[in-house]
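Just so you know, all these numbers are worked out from the coordinates, no wet-lab data involved. Keep in mind that this is a model prediction, so the values were computed, not measured. Here the Cβ is made from the backbone with ideal geometry for all residues, glycine too, and neighbour counts use every protein chain on show.
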Amino acid sequence: AFVNDEADVSFIADDGARRGDGAAVLVAHSTAARARAHLDRPEDAVAPMLAAGHRALSFCEEPLWTQGHRWTFAKPAGTHGEAEFGLVDDSRPLGICGDAWCPSGAPRVESAWLSGRRLGAALAAALI
């Protein structure tokens, strides 16, 4: 679930599906502002994020356990403008790609995939 207009949580996912065990596990991603406020102690972000989850999804019960985890590079703070990838072209090409290389729209998984695909094509062309 993408959570819009919430100060503390931006995304909530059913992690039991990803894990393949069907466990009742939800993963919530904080907003950048909430993460910045808890860089040194991510576990302190759990309470405000639970409250945001209750508001967004109307949880009926408190979780059995929680864990705060800092994922520093989860989302780029900016983009590289119109660049679709980075490629240093010398005797040994070095390519850089990811969701920060999104010429249009906001960084997201699709942007990372497209950037990698474009970089792969550019590397293949450079090495032929």
(request) Set the Förster distance to 30 Å, then compute FRET efficiency between S91 and W113 from the Cβ-Cβ distance, nearest 0.05. (result) 0.55
(message) Running a GNM on the chain with Cα contacts under 10 Å, which residue among V46, V109, V88 ends up with the highest mean-square fluctuation?
(response) V88
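Among the GluC sites (Glu not before Pro) in the stretch 1-109, which ones are in a DSSP loop with at most 12 other Cβ atoms within 10 Å of the Cβ? Mind listing them?
Working: sites: E6, E43, E61, E82, E84; in loops: E6, E61, E82, E84.
For GluC sites (Glu not before Pro) across the stretch 1-109 that sit outside H, G, I, E and B with at most 12 neighbouring Cβ atoms in 10 Å, the list reads E61, E82.
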(request) Let me have the relative contact order for the chain, percent, based on Cα pairs under 8 Å that are six or more residues apart. (result) 15
(request) Select one label from (1) 116; (2) 144; (3) 177: the one whose number is volume of the Cα convex hull per residue in Å³ as derived from the coordinates shown. (result) (2)
(message) Could you identify which residue out of P76, P63, P107 has the top mean-square fluctuation in a GNM of the chain using Cα springs shorter than 10 Å?
(response) P63
(request) Could you check the simple spin-label distance between A77 and R36, using points 7 Å along Cα→Cβ, in nm with one decimal? (result) 0.8
(request) Please determine, in degrees from 0 to 90 and to the nearest 10, the orientation of helix 109-127 with respect to the longest principal axis defined by the Cα atoms of the chain, where the helix direction is its Cα long axis. (result) 20
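Hey, got a sec? Which chymotrypsin sites (Phe, Trp or Tyr not before Pro) in the stretch 51-120 land in a DSSP loop and have at most 15 other Cβ atoms within 10 Å? Intermediate results must be reported in sequence, preceding the final value.
Details: sites: F59, W65, W71, F73, F85, W101, W113; in loops: F59, W65, W71, F73, F85, W101.
In loop regions of the stretch 51-120 (DSSP not H, G, I, E or B), the sparsely surrounded chymotrypsin sites (Phe, Trp or Tyr not before Pro) are F59, W65, W71, F73.
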